[in-house]
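Student: Can you keep this structure in mind? I'll have questions shortly.
The values are calculated or read from the model by the stated rules, or taken from the named source; none is laboratory data. What you see is a predicted model; the values in this text were computed from it and never measured. A quick note on method: Cβ atoms are made from the backbone with ideal geometry, for glycine too, and the neighbour counts reach across all protein chains shown. Note: accessible area is taken over every heavy atom of the protein model, side chains too, but ligands, DNA and RNA are not part of it. Shrake-Rupley method; radii C 1.70, N 1.55, O 1.52, S 1.80 Å.
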Amino acid sequence: MATTTVFRNGKWKTAVNNLTASPCSITATSADETVVQTVLNAPDTCSEPPPPPEPPTPPTPPASDVSINSTSQNGTPGLPVAEQPLTGNSDYQIFAINDLGMHCGDLDTRISSILPPFNVLHATVIRKGGEPDVLSPADGISVFYSAASNPNDPILSGMSSSGSGPFASSMLDDGSVYKTNFWDTVLLGAYDPFYPPANPFTGDTLTPLAEAPFNVIADVGLPMPNVELLHLHNPPALTATQQFMPGILGPYSLNDPQKFTQFVTDQPFFIAPGFQFGYVSEGVDWFEAAGIPLTAYDDYGRENPWPLYRVQAVSGGIILASTDTVVPISGEANCGFCHNDPDDGGNGSATQKLFNNGVPIALAEQDTANVPEDVRKEWAADLNLIRLHDLKHGSGIAEPKYTPDLTEQTPVVCQTCHYTPALDLAQLGLFGEQNDPDNIFHNGRDQVVNKSMSNVMHSHHATVEDLDGNQLFPDMPAAIKNDMGVVTNHEVRRGVLEETCYQCHPGRRTDCLRGAMSNGGMLCQDCHGDMTQVGDDFSRNVSSEIDHVGAFELGGDFYTNPDQPRVPWANEPGCGSCHTGDALDNMAGAPGTVVNNVDSNTVYVKTSHVD
C-alpha cells in the first residue's frame, strides 16, 4: 500500500496509494518527537490540523527517602515496594548473615564477565530457653527473605558508598532503571560450561541453563548444587535448588518473601577425591539461600553496594522472628582504569598496545545500546581487553592457544578457561578434555591446561609497566607506628591502595575495606601480600606443555605446610593468621612473634619483629 524512499542526504518520503479519501494531515512519530504536517491540496472540508498529542507523562523521579533492591529486572519504578513487617515472637531469635563478603559482579556482560549475580544468605533460628534450641525444618520452621530499606541509609545523602563523590546512577532518560544484561548472557549459553551437560547419576539433561529444568531467566538465580548430598551422602546424589528475587512476579511493584531452599546440617568444603584441600564443618544447622541474583543498582538506579534484606522465621504462617542483614554487591570490579581509552577515563597503558599493533580501540560512544554511561564504558573496556588477549594468544600468533579468537566467541566468561573455586559450585575441581574425554562434566571448560584466574590476573599485572616504563601498581610501604600503636603513614598507604587493589576490586566508590581491620590502619596487602604473592597459587606450574598439563599442587595442608601454595578464594587469611590463642594463652612472648607495641589493654609490650 505504501512505498518509502530514502535519499543520500538522510531525508525520506513515504507514498501511500489508493486511499479511499484524502487525509487532512499526517502525523510522524519517532521516539519522543512528534510532527504534524498539513496535507497539500487537502479537501475543502478539512479544518485546522489537530493539535499534537500531549507529551508523555514525565517519569516518576527517584524516591528521595528509600533505597531498596527488590528486583534485578530492567524497568520503570513507581512507588517503593511494600516491605514485610519487622515483627516476631520474643521466644524466638533469628540470626542471618551473607557468607561471601562483598560479592563482585559486572555492570555489563555482553563481551565478558567475571562473576554472575549470586549472593548467599545463612540463617540460624533459635527457640530461647534455659537450653536454647536450634530449630530446623523438622520443627516446622521455614525461613524467607525479602527486600528491606533503612531510612538512615547513607546512600540517601546523594554520595557514593565511599563518600568520594555522587553515587553512580543507572536511571535512563526515559525514567527506566537499568539493572543488568546478565540473563541475555545466560540465554547465549555463556554459563552452561559450569554445569555438567547431564546429571551423571540420573542422565537428566541439565543444560542449556535457560531451558528446563532450570529456566534461568530474569530474576532467577543460577542453580546451587546440594553439596551435602553430593559429598557426604551415601549413595551420593546431584540435586540443585534456585533462589529468586522478591520482585520476580511483579518487578518494581511486588516484594514477595522468597523461601530459603536448603537446610545444611554438615557443610563440606572441597573434600572431593582428587581435589581435596578443604574440610567439613559439622553441625552448622543453618538455612541456606544460595544464589540470590542481586545486582548493584537499587530500584531507583542508585549504585548501593549495601542493600538490606529482611530474613524471617515462619511457622504455620506466623512470623516467629525477623532480622535485617546486608547482602553486599558491587559492580565496581572492572578493568577500565587500564583497558578504557583515555577518552573514556583510562590511563592508556593497555590501549596503547592495541594502537601500536594496529588493533582498533573500542570507545564507549560506539555502544549503541540504551544503557548508562558506566555500562558503555565497561563494554568498551571488555572489548579492548579481549582484543588484547587475542593479540597475545589468538589466531595472529605462530602457535595460537585457541581458535577462533575471543572476539568471535562473545560473551566470554573468563573462568571457563581459568579456574576459580567461586564458580565451582559442586566443589568437584577443574575440568577439560584432558581429564574428562567423555564430557561427563567439562561441558566446554578448558581449565586443565591454564593457570587459575587469580594467578593470571595477579601474576601478570604485577609486572605491568605504565607508558613511562614505571611499575604500574606500586608496592605498599610498611606501616609506621608511633608509641601508641597508631599508623602514622596511613594516608600514604591508603593512596597506594587506591593505585593497586582498588584499581580493580570494589573500589573507589564502594570502599569494601572497612571494619576492624581498616579502623586499625591495616590494608589489603598487610594480610594478603602483594600481587606477586597473591598470584603464586596452586596453578603456578600449569601450562599446555605435556609435562605441565594438570600440574596443580594440592597437598591439602596449606595451613601447616609453608611450601604448599594456596588455592585462591578458598585459602584466605583468617583471624588466626595473626591472632594466636586467647587473652590468657597466646604466643605473644614467643621468639619471632610480631606483637603490636600496644596490646588490647593499652599495656606497653616489647615488640619482636620478623623479617
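Student: Checking ASP436 against (1) without any contact (Cβ under 8 Å) to a residue 12 or more places away in the chain; (2) in a helix (DSSP H, G or I); (3) open to solvent by less than 30 Å² (accessible area, probe 1.4 Å), which test does it fail?
Tutor: Every listed condition holds for ASP436 apart from (2).
Student: Return yes or no: is ASP219 open to solvent by 30 Å² or more (accessible area, probe 1.4 Å), closer than 24 Å to TYR300 by Cα and modelled with pLDDT of 95 or more?
Tutor: no
Student: Please go through (1) of a type outside the set (Val, Ile, Thr); (2) assigned to a loop (DSSP other than H, G, I, E, B); (3) surrounded by fewer than 20 Cβ atoms within 10 Å (Cβ to Cβ) for HIS460 and return the number of the only condition it doesn't satisfy.
Tutor: With respect to (1) of a type outside the set (Val, Ile, Thr); (2) assigned to a loop (DSSP other than H, G, I, E, B); (3) surrounded by fewer than 20 Cβ atoms within 10 Å (Cβ to Cβ), HIS460 is out only on (2).
Student: In the stretch 172-187, how many residues are buried (at least 22 other Cβ atoms within 10 Å of the Cβ) and farther than 29 Å from TYR419 by Cβ?
Tutor: Residues that pass the stated criteria total 2.
Student: Please determine, by comparing only the residues of the stretch 232-255 that are of a type in the set (Val, Ile, Thr) and assigned to a loop (DSSP other than H, G, I, E, B), which one is farthest from LEU294 (Cα to Cα).
Tutor: Ranking the qualifying residues of the stretch 232-255, first place goes to THR239.
Student: Looking only at the stretch 464-485, filter to residues that are among the aliphatic types (A, V, I, L, M) and more than 24 Å from GLY535 (Cβ to Cβ); which one of those is surrounded by the most Cβ atoms within 10 Å (Cβ to Cβ)?
Tutor: If we take residues in the stretch 464-485 being among the aliphatic types (A, V, I, L, M) and more than 24 Å from GLY535 (Cβ to Cβ), then ILE480 is surrounded by the most Cβ atoms within 10 Å (Cβ to Cβ).
Student: Next up: Would the stretch 450-468 turn up any residue that is modelled with pLDDT of 95 or more and of a type in the set (D, E, K, R)?
Tutor: Yes, the conditions are met somewhere in the stretch 450-468.
Student: Here's a follow-up. Based on this model, can you work out whether GLY278 counts as modelled with pLDDT under 95, over 30 Å from ASN150 (Cβ atoms) and surrounded by fewer than 21 Cβ atoms within 10 Å (Cβ to Cβ)?
Tutor: Yes: the conditions hold for GLY278.
Student: Yes or no: the stretch 530-544 includes at least one residue that is part of a loop (DSSP other than H, G, I, E, B) and free of Cβ contacts under 8 Å to residues at least 24 places away in the same chain.
Tutor: Looking for residues that are part of a loop (DSSP other than H, G, I, E, B) and free of Cβ contacts under 8 Å to residues at least 24 places away in the same chain, one finds at least one in the stretch 530-544, hence yes.
Student: When you scan the stretch 291-397 for helices (runs of 4 or more DSSP H) that lie fully inside it, which ones turn up with 2 or more residues that are modelled with pLDDT of 95 or more, surrounded by 22 or more Cβ atoms within 10 Å (Cβ to Cβ) and in contact with a helix residue (DSSP H, G or I) (Cβ under 7 Å, 6 or more places away or on another chain)?
Tutor: Helices (runs of 4 or more DSSP H) meeting the threshold: 373-393.
Student: Additional query: Could you grab me the full set of residues in the stretch 437-453 that are under 22 Å from ASN199 (Cβ atoms) and among the small types (Gly, Ala, Ser)?
Tutor: GLY444
Student: Also, quick follow-up: Does SER149 qualify as being among the small types (Gly, Ala, Ser) and under 30 Å from ALA380 (Cβ atoms)?
Tutor: When the stated conditions are applied, SER149 does not pass them.
Student: Go through the stretch 370-401 residue by residue and tally those that are free of Cβ contacts under 8 Å to residues at least 24 places away in the same chain, out of contact with any Gly (no Cβ under 6 Å at 6 or more places or on another chain) and more than 30 Å from VAL177 (Cα to Cα).
Tutor: Result for the stretch 370-401: 10.
Student: Would the stretch 404-427 turn up any residue that is in contact (Cβ under 8 Å) with a residue 12 or more places away in the chain, over 21 Å from ALA190 (Cβ atoms) and assigned to a loop (DSSP other than H, G, I, E, B)?
Tutor: Yes, there is a match, as at least one residue in the stretch 404-427 is in contact (Cβ under 8 Å) with a residue 12 or more places away in the chain, over 21 Å from ALA190 (Cβ atoms) and assigned to a loop (DSSP other than H, G, I, E, B).
Student: If the requirement is being within 23 Å of the chain's Cα centre (by Cα), small (Gly, Ala, Ser) and over 23 Å from ILE480 (Cα atoms), which of these qualifies: ALA551, ALA570?
Tutor: Going through ALA551, ALA570 in turn, just one is within 23 Å of the chain's Cα centre (by Cα), small (Gly, Ala, Ser) and over 23 Å from ILE480 (Cα atoms): ALA570.
Student: Right, next: ALA190: among the small types (Gly, Ala, Ser), within 30 Å of GLU433 (Cα to Cα) and crowded, with 22+ Cβ neighbours inside 10 Å, yes or no?
Tutor: Answer is yes for this residue.
Student: Return a yes/no flag: does the stretch 405-412 have any residue that is at negative phi, of a type outside the set (D, E, K, R), touching a strand residue (DSSP E or B) at 6+ places or on another chain (Cβ under 8 Å) and open to solvent by 50 Å² or more (accessible area, probe 1.4 Å).
Tutor: yes
Student: State yes or no: is GLY301 farther than 28 Å from ASN443 by Cβ and touching a Leu at 6+ places or on another chain (Cβ under 6 Å)?
Tutor: no
Student: Which ones in the stretch 105-126 are open to solvent by 30 Å² or more (accessible area, probe 1.4 Å), farther than 21 Å from PHE244 by Cβ and in contact with a Cys (Cβ under 9 Å, 6 or more places away or on another chain)? Please lay out each step first, then the result.
Tutor: First pass over the stretch 105-126, keeping only residues open to solvent by 30 Å² or more (accessible area, probe 1.4 Å): 110, 114-115, 124, 126.
From what is left, the residues that are farther than 21 Å from PHE244 by Cβ are 110, 114, 124, 126.
Scanning the stretch 105-126 gives a single hit, ILE114.
Student: Select, from PRO55, PRO51, PRO59, the only residue that is over 44 Å from the mean Cα position of the chain (by Cα), open to solvent by 30 Å² or more (accessible area, probe 1.4 Å) and either modelled with pLDDT under 95 or on the phi > 0 side of the Ramachandran plot (or both). Working first, answer last.
Tutor: Numbers: PRO55 fails: over 44 Å from the mean Cα position of the chain (by Cα); PRO59 fails: over 44 Å from the mean Cα position of the chain (by Cα).
Going through PRO55, PRO51, PRO59 in turn, the sole match is PRO51.
Student: Which residues, counting only those in the stretch 185-224, are under 22 Å from the mean Cα position of the chain (by Cα) and not in a loop (DSSP other than H, G, I, E, B)?
Tutor: THR185, VAL186, LEU187, ASP192, PRO193, PHE194, VAL220, MET224
Student: When the residues of the stretch 497-523 are narrowed to those that are in contact (Cβ under 8 Å) with a residue 24 or more places away in the chain and in a helix (DSSP H, G or I), which ends up farthest from GLY101 (Cα to Cα)?
Tutor: That would be GLU499.
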